[in-house]
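So the structure is just underneath, and the comments pick up after that.
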Amino acid sequence: MKITLKDGSVKEYEKALSAYEVALDISEGLARAACCVKIDGEEADLRTIIGRDCELSVCTANDEEGLAAIRHTASHVLAEAVKNLFPEAKLAIGPSIDTGFYYDFDHEAFSRDDLDALEAEMKKIVKKGEKLEKFTLPREEAIAFMEERQEPYKVELIRDLPEDAEISFYRQGEFVDLCAGPHLMSTKGVKAFKLTSSSMAYWRGDSDKARLQRIYGTAYSKKEDLQAHLERMEDAKRRDHNRLGREMELFTTVDVIGQGLPLFTPKGTKMLMKLQRWIEDLEDKEWGYVRTRTPLMAKSDLYKMSGHWDHYKEGMFVLGDEEKDKEVYALRPMTCPFQYYVYKNTQKSYRDLPYRMSETSTLFRNEDSGEMHGLTRVRQFTITEGHLVVRPDQMVEEFKGCIALAKYCLTTLGVEEDVTYHLSKWDPENQEKYIGEPEVWNQTEQHIRDILIELEIPFVEDVGEAAFYGPKVDINAKNVYGKEDTMITIQWDALLAEQFDMYYVDQNGDKIRPYIIHRTSMGCYERTLAWLIEKYAGKFPTWLCPEQVRVLPISEKYEAYAAKVLKELRGRDIDAEADNRSEKIGFKIREARLARVPYMLVVGQQEEEEGLVSVRSRFAGDEGQKPLAEFIDQICREISTKEIRREEAPEENRQA
RNA sequence: GCUUCUGUGGCUCAGUUGGUAGAGCGAUUGAUUCGUAAUCAAUAGAUCACGGGUUCGAGUCCCGUCAGAAGCUCCA
């Protein structure tokens with residue numbers, strides 16, 4: 001029997017032996033560090049008996065798979081600890097996840113004190129260092145075994161396994177759990193762990209099923225790694241837009257105004273206006289868009305026509321009472337039908353297409369109260385919304401154009417490397433959720449796939465994420481805690497024109513149904529701002545800063561000169577302020593830094609005579625003296641969006 | 001919507017077993033007019049989220065409402 005190792009070398013053995021024994025044969029150190037193995041690319045347990053030729057690689061805590069095995073074992077240790085301290089708790093499931101692991105229990109809520117007690121109990125279990133043993137049972141015996149132990153959730157899991165599946169269990173001391181593995185050889189390998197939080201979770205993720213208590217934790221092979229992880233979480237907390245954005249006075253919320261309704265303060269508003277002026281100019285002057293302004297509300301009739309009244313009424317703010325009032329209105333949750341009527345205002349010829357409409361559009365969605373979060377999930381938001389009405393033969397080119405525009409926006413914001421592209425497809429298993437024929441779906445999905453491949457954009461495909469009228473490209477970004485949000489979406493719609501009776505007249509005088517692209521270029525202003533705050537930790541590119549230059553006279557004597565400098569800066573559309581307080585200059589510099597102002601101009605006697613200013617920048621510190629005019633030109637270049645591709649920011653500003 | 005946790009001056013937080021509030025930063029005023037990470041002093045500012053309850057007495061205990069956080073579910 002020949003076993004090929006990761007480095008290409010080959011080991012030969014007479015008879016079958018376990019993966020662990022192979023690791024031991026390679027080196028004792030490796031055997032000690034080993035967490036699991038991959039046999040011909042398949043993840044497997046160290047206990048797996050190898051009896052044939054194969055490729056074997058041993059995974060340690062440095063590999064994704066190895067770390068997962070540690071965490072998975074940690075979740076079993078947690079389950080054992082829970083069973084020890086709370087014997088009445090019922091076990092559900094306990095996998096490893098990106099950031100650690102969790103385990104769900106049917107039990108009353110766990111407090112922080114409970115978690116601390118459980119952590120202590122886990123330490124005891126790890127110290128005992130029981131060996132984990134794997135064994136399998138035939139289906140009926142497995143069910144009987146878990147019934148006897150009074151674990152109804154486990155019984156349900158076994159019943160749902162395929163008839164021919166091997167049903168495996170792991171035993172550590174007294175504790176036994178249904179589990180496919182892989183696991184460490186002993187609980188001793190769970191060296192550094194922490195229970196981070198607990199919360200409710202639904203059995204099988206279904207809000208109609210039982211409510212369980214989930215305990216989250218994280219585990220590493222070394223204390224230092226755990227420490228580093230906890231520090232990363234601390235850093236994330238400092239970048240969190242919901243905290244930093246308030247601290248920097250970009251936005252606030254008020255109890256009596258309501259949930260999910262942020263107020264933008266002058267600095268935040270300035271940033272939003274910079275984004276808005278930039279994107280509107282860009283779309284209109286360089287990408288051929290026309291601008292619309294449509295009502296924020298409409299009669300219920302419109303939503304009945306679009307289908308929203310039946311499918312989305314819960315998500316809308318309805319004004320009036322259907323029972324009593326003759327007419328009921330609702331705030332709009334999207335712009336689509338409004339812009340369709342702009343299109344329909346005049347008859348269009350094939351020559352008029354593509355007809356690209358864009359609107360800085362405020363939308364309202366009545367999200368459930370638990371869904372709101374900072375600026376990323378709100379009840380009122382503004383989006384660079386647009387609909388392109390195109391001839392079928394223009395569809396591919398226009399769709400490409402929308403992706404190119406989105407990419408350009410991301411590049412200008414300096415975040416193009418932080419996104420992932422998704423092709424969101426329909427779910428053929430669930431056809432009643434969508435309209436249109438399967439062939440059309442498969443065709444359009446293939447078109448989009450071809451476009452992404454042609455543009456050399458890496459992407460993943462998600463089943464069941466499409467809109468009901470068509471597939472889409474979603475561009476997602478992660479927040480500081482690793483949670484993903486959609487920033488930009490571009491949707492292919494070959495169906496809705498029919499429902500709204502939209503058409504154009506072709507060469508032969510026939511009325512033809514156009515296709516529609518629903519798209520955003522820069523996304524939703526609130527969400528984009530949140531993302532920028534976290535990306536740059538508040539140290540925005542100069543062009544986006546609400547305050548770009550702060551003028552600091554070293555004493556009152558130079559206030560006149562400072563005023564002159566300020567006037568010249570503002571005359572060139574630079575956002576500048578002067579700090580004329582009678583504080584020490586060092587103090588004023590420190591404050592400007594804390595406010596994350598990118599440039600400080602320290603002005604005093606010498607400068608006034610020679611027309612110079614002393615420049616300090618947020619990134620580079622003291623840049624020395626230069627003529628005022630030269631400095632102004634430099635800043636103007638830096639804040640011109642036409643010249644921006646990417647601001648060079650020091651390492652500390654980049655997201656991990 | 002569900003589960004848990006949280007809610008004290010503008011901000012960050014302290015407040016021990018129930019005895020009617022404290023710090024730092026910030027703000028204001030005065031002095032200082034100063035060259036690169038904190039000049040000195042004084043002053044103001046809190047019905048302890050809101051509404052009930054227990055108690056001789058509640059920031060502290062209980063219930064409800066509102067708001068925030070984490071997670072679940074949802075995001076057409």
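Using 0.36 nm per residue of separation minus the Cα-Cα distance, give me the extension gain between A:Glu371 and A:Lys237 in nm, one decimal. Please list the in-between numbers first.
Working: separation 134, 0.36 × 134 = 48.24 nm, distance 1.94 nm.
Answer, rounded to one decimal: 46.3 nm.
Hey, what do the phi angles of region A:521-531 turn into as Karplus ³J(HN,Hα) couplings, whole Hz, using 6.51/-1.76/1.60 and θ = phi - 60°, x for Gly and Pro?
Couplings: 9, 9, x, 8, 4, 4, 5, 5, 4, 4, 5 Hz.
With a 1.4 Å probe and all protein chains left in place, how much accessible area per residue does region A:1-151 have, in Å²?
On the way: 7760 Å² over 151 residues.
That works out to 51 Å² for each residue.
Grab the DSSP H runs of chain A that are 4 residues or longer, score each as -39,500 (n - 2.57), total them, divide by all residues and round the 222 nm result to the nearest 500 deg cm²/dmol.
Numbers: 20 runs with 230 residues, N = 656.
That calculation yields -11000 deg cm²/dmol at 222 nm.
Only Cα pairs under 8 Å and at least 6 apart count here; give the relative contact order of region A:502-593 as a rounded whole percent.
Details: 71 pairs, mean separation 19.1, N = 92.
Rounded, it is 21 percent for region A:502-593.
Per residue of region A:254-262, in order, report the coupling 6.51 cos²θ - 1.76 cosθ + 1.60 (Karplus, θ = phi - 60°) as ³J(HN,Hα) in whole Hz, putting x for Gly and Pro.
After applying 6.51 cos²θ - 1.76 cosθ + 1.60, I find 10, 3, 6, 7, x, 5, x, 10, x Hz.
How many angstrom lie between the C-alpha centres of region A:481-500 and region A:341-389?
A separation of 11 Å, based on Cα centres.
For chain A, just list the percent of Cα-Cα distances falling in each 10 Å bin from zero outward, please.
Each 10 Å bin holds this share of Cα pairs: 3, 12, 18, 19, 19, 16, 10, 3, 1, 0.
For A:Lys267, which lysines qualify as cross-link partners when the Cα separation must be under 16 Å and same-chain residues fewer than eight apart are set aside?
Answer for A:Lys267, where 16 Å is the Cα cut-off: A:Lys539, listed by chain and number.
With a sphere of radius 12 Å drawn around the Cβ of A:Asp284, what net charge do the other residues whose Cβ falls strictly inside it have (Lys, Arg +1; Asp, Glu -1)? Present the calculation step by step, with values, prior to reporting the outcome.
Values: positive: A:Arg277, A:Lys285, A:Arg291, A:Arg356; negative: A:Glu280, A:Asp281, A:Glu283, A:Glu286, A:Glu359.
Cβ neighbours under 12 Å give a net charge of -1.
Modelling each spin label as a point 7 Å along the Cα-to-Cβ direction, I'd like the A:Arg593/A:Lys128 distance in nm, to one decimal.
Result for the modelled spin labels: 5.4 nm.
Once you keep just the Cα pairs under 8 angstrom separated by 6 or more residues, what percentage relative contact order results for chain A? Write down the numbers at each step before the final one.
Details: 1161 pairs, mean separation 57.6, N = 656.
Across chain A, relative contact order equals 9 percent.
Which whole-number percent is the relative contact order of region A:232-334 (Cα, under 8 Å, 6+ apart)? Kindly include the intermediate steps, with their values, before the conclusion.
Values: 72 pairs, mean separation 16.5, N = 103.
So the answer I get is 16 percent.
Taking only the Cα atoms of region A:142-237, how large is their convex hull per residue, in Å³? Could the numbers behind the result be given before it?
Working: hull volume 13.9 nm³, N = 96.
For region A:142-237, the hull spanned by Cα atoms encloses 145 Å³ per residue.
Highest mean first, how do A:328-337, A:551-560, A:292-301 rank when packing is the count of other Cβ atoms within 10 Å averaged over residues?
Numbers: A:328-337: 19.8, A:551-560: 17.4, A:292-301: 14.4.
Taking the mean over residues of other Cβ atoms within 10 Å, the ranking is A:328-337, A:551-560, A:292-301.
With +1 on each Lys and Arg Cβ and -1 on each Asp and Glu Cβ, and nothing else charged, work out how big the dipole of region A:1-108 is about its Cα centre, in Debye to the nearest 20.
Details: 11 positive and 21 negative charges, 52 e Å.
So the dipole magnitude of region A:1-108 works out to roughly 240 debye.
Rounded to the nearest 20 Debye, what is the dipole magnitude of region A:308-361 about its Cα centre when Lys and Arg each give +1 and Asp and Glu each give -1 at the C-beta? Provide the component values of the computation, followed by the final result.
On the way: 8 positive and 9 negative charges, 104 e Å.
Here region A:308-361 has a charge dipole of around 500 debye.
Round to the nearest 0.05 the FRET efficiency obtained for A:Phe619 and A:Asn580 when R0 = 30 Å and r is the Cβ-Cβ distance. If you can, show how the numbers build up before the last one.
Working: r = 26 Å, r/R0 = 0.85.
The formula returns an efficiency of 0.70 here.
For a test of the definition: using alpha carbon positions, the gyration tensor, and the 1.5 limit on a/c, classify region A:165-207 as rounded, prolate or oblate.
Working: a/c = 2.51, a/b = 1.19, b/c = 2.11.
Since a/c reaches 1.5 but b/c is at least a/b, the shape of region A:165-207 is classed as oblate.
Within the set A:Lys472/A:Lys511; A:Lys237/A:Lys483; A:Lys237/A:Lys407; A:Lys400/A:Lys472; A:Lys270/A:Lys626; A:Lys83/A:Lys123, which residue pairs have Cα atoms separated by over 18 Å? Intermediate results must be reported in sequence, preceding the final value.
On the way: A:Lys472/A:Lys511 27 Å; A:Lys237/A:Lys483 13 Å; A:Lys237/A:Lys407 29 Å; A:Lys400/A:Lys472 12 Å; A:Lys270/A:Lys626 28 Å; A:Lys83/A:Lys123 15 Å.
Beyond 18 Å: A:Lys472/A:Lys511; A:Lys237/A:Lys407; A:Lys270/A:Lys626.
Run the simple label-point estimate for A:Asn62 and A:Leu85 please: 7 Å along Cα→C-beta, distance reported in nm.
Spacing of the two 7 Å Cα→Cβ label points: 3.5 nm.
For A:Glu609, what accessible surface area do you get with a 1.4 Å probe? Give it in Å², rounded to 10.
Result for A:Glu609: roughly 140 Å² accessible.
So with the 1.4 Å probe, I'd like the accessible area per residue for region A:446-522, rounded to whole Å².
45 Å²
Compute, for chain A, the length of the dipole vector about the Cα centre, with Cβ point charges of +1 (Lys, Arg) and -1 (Asp, Glu) only. Units Debye, rounded to 20.
1880 debye
How much length is gained on full extension from A:Glu429 to A:Lys400, taking 0.36 nm per residue of separation minus their Cα-Cα distance?
Details: separation 29, 0.36 × 29 = 10.44 nm, distance 2.90 nm.
Contour length minus the Cα-Cα distance gives 7.5 nm.
Roughly how much of A:Tyr599 is accessible, in Å² to the nearest 10, using a 1.4 Å probe?
A:Tyr599 has an accessible surface of roughly 20 Å² with all protein chains in place.
Using a ≥ b ≥ c from the Cα gyration tensor of region A:1-50 (square roots of the eigenvalues), is it rounded, prolate or oblate, where a/c under 1.5 gives rounded and otherwise the larger of a/b and b/c decides, a/b for prolate?
Numbers: a/c = 1.24, a/b = 1.14, b/c = 1.08.
Rounded, because the longest to shortest axis ratio a/c is under 1.5.
In chain A, if the dipole is taken from +1 on Lys/Arg beta carbons and -1 on Asp/Glu beta carbons about the Cα centre, which of A:Val473, A:Gly571, A:Leu212 is farthest to the positive end?
A:Gly571
Subtracting the Cα-Cα distance from 0.36 nm times the residue separation, let me have the gained length for A:Gln605 to A:Glu249 in nm, one decimal. Could the numbers behind the result be given before it?
Working: separation 356, 0.36 × 356 = 128.16 nm, distance 3.36 nm.
Taking A:Gln605 through A:Glu249 to full extension adds about 124.8 nm, to one decimal.
State whether region A:203-259 is rounded, prolate or oblate according to the following rule on the C-alpha gyration tensor (a ≥ b ≥ c being the square roots of its eigenvalues): a/c under 1.5 gives rounded; otherwise a/b larger than b/c gives prolate, and the remaining case gives oblate. Don't skip to the end; give the middle numbers.
On the way: a/c = 4.64, a/b = 1.13, b/c = 4.10.
Oblate shape, in that a/c is at least 1.5 and b/c is the bigger or equal ratio.
Heads up, I need the accessible area for A:Val613: 1.4 angstrom probe, whole protein in place, Å², nearest 10.
In the full protein context, A:Val613 sits at about 0 Å².
Taking the Cα atoms of region A:322-438, what is the range of coordinates along each of the three principal axes, in descending order and whole Å?
Ordered largest first, region A:322-438 gives principal extents of 49, 42, 37 Å.
The values are calculated or read from the model by the stated rules, or taken from the named source; none is laboratory data. Keep in mind that what you see is a predicted model, and the values were worked out from it rather than measured. All Cβ positions, glycine included, derive from the backbone under ideal geometry; neighbour counts span all protein chains shown. Calculation scope for accessible area: heavy atoms of the full protein, side chains included, ligands and nucleic acids excluded. Shrake-Rupley method; radii C 1.70, N 1.55, O 1.52, S 1.80 Å.
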